[in-house]
1. Can you pull out the residues in segment 134-157 that are surrounded by fewer than 17 Cβ atoms within 10 Å (Cβ to Cβ) and under 22 Å from LYS203 (Cα atoms)?
2. Just one of VAL86, VAL58, VAL78 is touching a Pro at 6+ places or on another chain (Cβ under 7 Å) and under 20 Å from VAL31 (Cα atoms); which is it?
3. Criterion first (outside the structural domain of TRP164 (by TED's automatic domain parsing), closer than 26 Å to SER166 by Cα and of a type in the set (A, V, I, L, M)) does ALA35 satisfy it?
4. Counting just the residues of segment 70-106 that are touching a helix residue (DSSP H, G or I) at 6+ places or on another chain (Cβ under 8 Å) and over 24 Å from THR238 (Cα atoms), which one comes out surrounded by the most Cβ atoms within 10 Å (Cβ to Cβ)?
5. Are any of the residues in segment 161-171 of a type in the set (Ser, Thr, Tyr), surrounded by 14 or more Cβ atoms within 10 Å (Cβ to Cβ) and either under 18 Å from ALA35 (Cβ atoms) or at pLDDT below 85 (or both)?
6. Give all pairs with beta carbons closer than 8 Å in which a residue from segment 88-108 that is assigned to a loop (DSSP other than H, G, I, E, B) meets a residue that is crowded, with 21+ Cβ neighbours inside 10 Å; count only pairs at least 6 apart in sequence or on separate chains.
7. When segment 140-161 is examined, which residues are found to be at negative phi and not hydrophobic (A, V, I, L, M, F, W, C)?
8. Of the residues that make up segment 61-76, is at least one touching a residue at least 60 places away in the same chain (Cβ under 8 Å) and hydroxyl-bearing (Ser, Thr, Tyr)?
Amino acid sequence: MPRLARDHQPTPLPAAAIDRTMRAPEQVYRVLRSAIASLAIPPGSPLSEGEVGAAYAVSRTPVREAFARLAEEKLLDVFPNLGTFVSLIDPGLIGEAILIRRLLEGEAVSQAAANRDPALITEMNAALDDHAEAVAAGDSARAYQCDERFHRALFAHQGLEQMWASVDRARAQLERVHHLMVAQRGALGDALAKHRAILGAIKRGDAYAAHAAMHVHIEANGSFLDRLAGHAHPFVRTP
């Protein structure tokens, strides 16, 4: 359980403008979720409703709603009488997220290879091109956006929006591992190479190879955490 120091300083929050024509809770949730997933707000950081509300010029009510959603997704830990903290990376949750993605994305990519939809292939090609530019520029934030675009297209073009919602929730946990892996290993281009293998199998209509390539891609996060197991890391929960 984290302990809040007496001289605790507010956690730096990303700049964001809240659109008053849209629901504030959703916007606060999206801003915080993105910052937590990208490690811009590191695991273990304290967050308070008052500080977040002041940062985005909203009342505590929308912040409380956003906190509740993030806690439900296991991205925040709430300790009565102590405070709210960004959750540490939990290897157990990572294992579950990997399983969810393997099952859902494995089926989606197999179906995509069987159908070989030209519109889907065009969109995935475009995502790969943008991803390659981001990697060449060393832009990790943009590279991950391209990664998300590649995977989202797999579901959107096949009318699998409910499946994508489940995958997207799992990705929030895995995104933190991805950014930690890039920071420690400098492996910004790893996902790009794996995406090329996935798309190549789809273009060939090889459902088995597409399924296998997707599994290799998704399992990379778990393999990295396994290698960290013998070394205490401040962002990772220990048994």
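The values are calculated or read from the model by the stated rules, or taken from the named source; none is laboratory data. Just so we're clear, the structure is a prediction, and the values are computed from it rather than from any experiment. Backbone-built Cβ (ideal geometry, glycine too); neighbour counts: all protein chains shown.
1. GLU148, ALA156 - these are the residues of segment 134-157 that are surrounded by fewer than 17 Cβ atoms within 10 Å (Cβ to Cβ) and under 22 Å from LYS203 (Cα atoms).
2. Within the list VAL86, VAL58, VAL78, the selection yields VAL86.
3. Working: outside the structural domain of TRP164 (by TED's automatic domain parsing): yes; closer than 26 Å to SER166 by Cα: yes; of a type in the set (A, V, I, L, M): yes.
Yes.
4. For segment 70-106, the residue satisfying everything is GLU105.
5. No, that holds for no residue.
6. Once the first residue is assigned to a loop (DSSP other than H, G, I, E, B) and sits in segment 88-108, its partners that are crowded, with 21+ Cβ neighbours inside 10 Å give LEU88/PRO43; ASP90/GLN173.
7. The answer is SER140, ARG142, TYR144, GLN145, ASP147, GLU148, ARG149, HIS151, ARG152, HIS157, GLN158, GLU161.
8. no
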